[in-house]
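Read-outs throughout are calculated quantities, based only on the coordinates presented, and are distinct from any laboratory measurement. In this text, all values refer to a predicted model and were calculated from it rather than measured experimentally. Cβ: placed from backbone, ideal geometry, glycine included. Neighbour counts: every protein chain shown.
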Amino acid sequence: MTPRPRPLTSRRRPLAPFRLGTLPDPSGTRTSPGRPQGDDGVTLIELTVTMTIMSVLMAMFTGAILHMTRAANATQSVASAQSQITTVYQRLDREIRYAAGISQPAFVGANQHVEYLTRNTAAPTCTGLRLDTATRRLQYRRWEQGKTPGPWTVLASDVTAKQPDPPFGLTPSETRFPFQRLRLRITAGTGKASIDVTFAALNTSSDSDTSAVCTEGRTTP
């Protein structure tokens, strides 16, 4: 009986399984470390250039924000100064036009004062105005004629005289214009808004005595 031949078998070792991040060794018995294609990283020069560009962009962005903030603050400051000027004008125009007399403006210390008298109330009323140069405030106060003046109240702040003129000026009545006139020249907000206006006291005449108008306002601080 003839024996049956045995089938041939391979004695080679099986290949090592492929894993992500490793490259198979040609021999099939070892693996060597590797990395995916395109993961080469960046050089120091590329990193430096990128950081420089980002710094320039951040500086430009910060400068733009600061410029916008300054512009907004300047606009708000001008609007505030103009609002104060408008408030002063409306108030004095409403009151001085009914004044029965205006005193001659004069300095008491470093501050110029002026007073005017109105008779459209139950009792004759005096109103005093002064520009406090130390605090840069336009102030006013009221009192009944012949009595002690009250404390000063702020009418507008951050105010100075419109140089080189004083803040108040009086024009006496005359033939062609028989009313006293008070001129106001002030600047608010460090030059951001100013006013130079003349108010006419329609209840005055050529007989109005400027030296006898609310004189107690000059002797009371």
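On the beta carbon distance between Thr62 and Val154, with R0 = 41 Å, the FRET formula returns roughly 0.60.
Where Lys and Arg each count +1 and Asp and Glu each count -1, what net charge lies around Thr175 among other residues with Cβ under 15 Å from its Cβ? Spell out each step's value before the answer.
Details: positive: Arg176, Arg181; negative: Glu174, Asp207.
Taking every other residue near Thr175 into account, the sum is 0.
Summing charges over neighbours of Val159, with a neighbour being any other residue whose Cβ is under 15 Å away from its Cβ, gives +3 when K and R count +1 and D and E count -1. Within segment 175-207, the trypsin sites (Lys or Arg not before Pro) that combine a DSSP coil assignment with at most 10 other C-beta atoms in a 10 angstrom radius are Arg176. For segment 189-202, backbone phi angles converted through the Karplus equation (6.51, -1.76, 1.60; θ = phi - 60°) give residue-by-residue couplings of x, 6, x, 6, 8, 9, 9, 9, 9, 10, 9, 9, 8, 6 Hz, Gly and Pro being listed as x.
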